[in-house]
């Protein structure tokens, strides 16, 4: 085999890897549960990654221990149209901060998720008073939620952003 043929084989292998990852993500998006969740923008500090919004994800906590705030690990699922956080077995799950919001227990994931935005779009995380940033996510069995699209909730109405 000459060097041109080896190069074409290597390019084919790389293309197959990229297409398999893209196919898996498309399959997951079509088959995994999806839910809109309240989020909080976090100022990213990694200019090498490109233009993105770093988003903290919140889930309804199913069990909160005696203290009002604490670190723990949780597993995520979609229940009754909401993202729900359940206590995870030791060594598994997502690290989260348990607290309360308006009297209800919530779990905020320790690691924010990145939502990449085009360079011509204004920063969607900068919202006017009375508006909340929400994100639609798919929820895999393992790992963090995967963001699909952003939305704004104002006066109880959730409107997806056209980015």
| query | What's the number of the condition residue 98 fails, among (1) under 30 Å from residue 27 (Cβ atoms); (2) not in a loop (DSSP other than H, G, I, E, B)? | reply | (1)
| note | Quick count over the stretch 62-77, residues being under 15 Å from residue 100 (Cα atoms) and modelled with pLDDT of 80 or more, is 2
| task | Give the number of residues within the stretch 110-133 that are free of Cβ contacts under 8 Å to residues at least 60 places away in the same chain, closer than 14 Å to residue 56 by Cα and surrounded by fewer than 18 Cβ atoms within 10 Å (Cβ to Cβ). | result | 2
| Does residue 49 qualify as being within 23 Å of residue 162 (Cα to Cα), at pLDDT below 85, surrounded by fewer than 17 Cβ atoms within 10 Å (Cβ to Cβ) and out of contact with any helix residue (DSSP H, G or I) (no Cβ under 7 Å at 6 or more places or on another chain)? | yes
| task | Kindly provide the set of residues from the stretch 105-143 that are under 15 Å from residue 75 (Cα atoms) and out of contact with any strand residue (DSSP E or B) (no Cβ under 6 Å at 6 or more places or on another chain), ordered by number. | result | 111, 140, 141, 142, 143
| remark: Of the residues in the stretch 125-146 that are over 19 Å from residue 88 (Cβ atoms) and in a loop (DSSP other than H, G, I, E, B), the one that is nearest to the chain's Cα centre (by Cα) is 125
| said: With touching a residue at least 12 places away in the same chain (Cβ under 8 Å), assigned by TED's automatic domain parsing to the domain that holds residue 40 and loosely packed, with under 10 Cβ neighbours inside 10 Å as the only criterion, which of 61, 107, 155 stands out? | reply: 155
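Listed here are the residues, each with its yes/no results for (1) in contact (Cβ under 8 Å) with a residue 60 or more places away in the chain; (2) more than 20 Å from residue 135 (Cβ to Cβ); (3) not assigned by TED's automatic domain parsing to the domain that holds residue 144.
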position	(1), (2), (3)
70	no, yes, no
78	yes, no, no
87	no, yes, no
95	no, no, no
99	no, no, no
| message | For the stretch 1-34: of the residues being in a loop (DSSP other than H, G, I, E, B) and surrounded by fewer than 10 Cβ atoms within 10 Å (Cβ to Cβ), which is modelled with the highest pLDDT? | response | 2
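The values are calculated or read from the model by the stated rules, or taken from the named source; none is laboratory data. Remember, predicted model here, so these are calculated numbers, not experimental data. Here Cβ is always computed from backbone atoms with ideal geometry, including for glycine, and neighbour counts include all displayed protein chains.
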